[in-house]
Structures are given as C-alpha cells and as structure tokens.
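I have placed the structure first, in the form of structure tokens, so that the comments after it can refer back to it.
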Amino acid sequence: MEAVARAKFARGSARKVRRVVELIKGKNVEEALNILSFVPKYAAKYLEKTLKSASANAISQEGTAKLKAEDLYIKKIFVDGGPLMKRIRPASMGRAFRIRKRTNHLTIVVSDEVEGKKKIEAKPAVKKQVEKAEKPKEVKPKKEKKARKEKVVRKRKSEEKEKEE
C-alpha cells in the first residue's frame, strides 16, 4: 500500500534539497523524522512536513487498525526543479544583474513494504566470484631466493675457473 505527498513550488534549489534527501532515502518514517529534526538545513523543515503528510495520507487511506506509522518506509523520494523567479538587482552605470530565485517540487512515496531490502539472487558468475573471495587462499611455501642466488654465484665461479684453466 502506497501513499504520496507532494510539496510544490518550495523555495530553495533542488540541488541543496537533494543533499538532505540522501540522508533519509529508504529509511523508516520514524527514523527519517528523527534525522530531519537534527539537520540544520532549511530544506529539512519542509521535508519533515511533507513526510508527516505522506504518512498521514497512508494511515487515512488504510485505516489505523490495519496500519501504524512505525510500519511505513520511504519507498521513493525525489526532488525536481521548479520554475525560476527572476528578479533584477540594480548595478553601477545603469546595468542590472539578474537574480534567479530557485524553486523545487518534492515528492515522497511511503509504503508498508520495503523496496530495495529484498534479496536479489546473483548471477552464477557473480556467485563464483563471491565464493572465491570467501575461501581462504592456500599459502604455497615460497622458494628461498638465497638458495637461487647461491646457485648462480657457484655457476659463475665455476665458469671463471674453467676460463682461467
């Protein structure tokens, strides 16, 4: 069961709101509300309002006997850019600088089912890689480098003796 809440034409750039949205994406509604209450950003205030509205919508659709607020999860949450409010700031020598006051549209979908928490079966090739990673590697005894060097040195010495003779 899903419920949707939207906040349209909210002030603030979508980019700044997305930073706060990443903190609560996929979390339990109660946990998300706790996080938002401690985030010192302007966007957190109306994110919190919209999230409360979405959970209230879900409860009113389903009824309090069937659904509780602690059972809800954030299924989808996304922020789209809204229209710009264009303003002008007077500048020196008769010029004017444009000020773009940005807005955004926030959409939150809550559900009693957790999306993304389902176990996805991996492909056979991936399973083999995982199994290899989990197995401890067999350690082969390394050949001693000193023994090799000694053999080379002995050979050279014997070759030098033969040349001398």
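Every number here is computed from the coordinates shown, using simple stated rules; none is lab data. Please read these numbers as outputs of a predicted model, since none were measured by experiment. All Cβ positions, even for glycine, are placed from backbone atoms using ideal geometry, and neighbour counts span all protein chains on display.
Structure summary
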item: Positive-end residue, segment 2-111 charge dipole about Cα centroid, Cβ charges, pick of ILE88, HIS105, ILE59; result: ILE88
item: Amide proton proximity set for LEU72, modelled H, under 5 Å, gap of 5+; result: VAL29
item: Residue-span extension gain [LEU23 to ASP80] - 0.36 nm each, minus C-alpha spacing; result: 18.8 nm
item: Taking VAL29, VAL17, VAL4 and counting other C-beta atoms within 10 Å, the order from fewest to most; result: VAL4, VAL29, VAL17
item: Karplus-derived 3J(HN,Hα), 6.51/-1.76/1.60, for each residue of segment 59-65, Hz, glycine and proline x; result: 5, 6, 5, 8, x, 6, 6
item: From phi via Karplus (6.51, -1.76, 1.60), per-residue ³J(HN,Hα) for segment 5-15 in Hz, x at Gly/Pro; result: 9, 10, 10, 9, 6, 6, 6, x, 6, 4, 4
item: Cα centroid separation, segment 17-47 to segment 61-99 (Å); result: 13
item: Per-residue Cβ neighbour rank within 10 angstrom, fewest leading, TYR73, TYR42; result: TYR42, TYR73
item: Over 32 Å between alpha carbons, listed pairs LYS8/LYS68; LYS41/LYS66; LYS27/LYS66; LYS16/LYS66; LYS76/LYS101; result: LYS41/LYS66; LYS16/LYS66
item: Sequence ranges 84-91, 53-60, ranked by mean other-Cβ count within 10 angstrom, highest first; result: 53-60, 84-91
item: Footprinting exposure proxy for VAL109, VAL79 (fewest neighbouring C-beta atoms within 10 Å first); result: VAL109, VAL79
item: For segment 2-111, fraction of C-alpha pairs farther apart than 22 Å, in %; result: 39
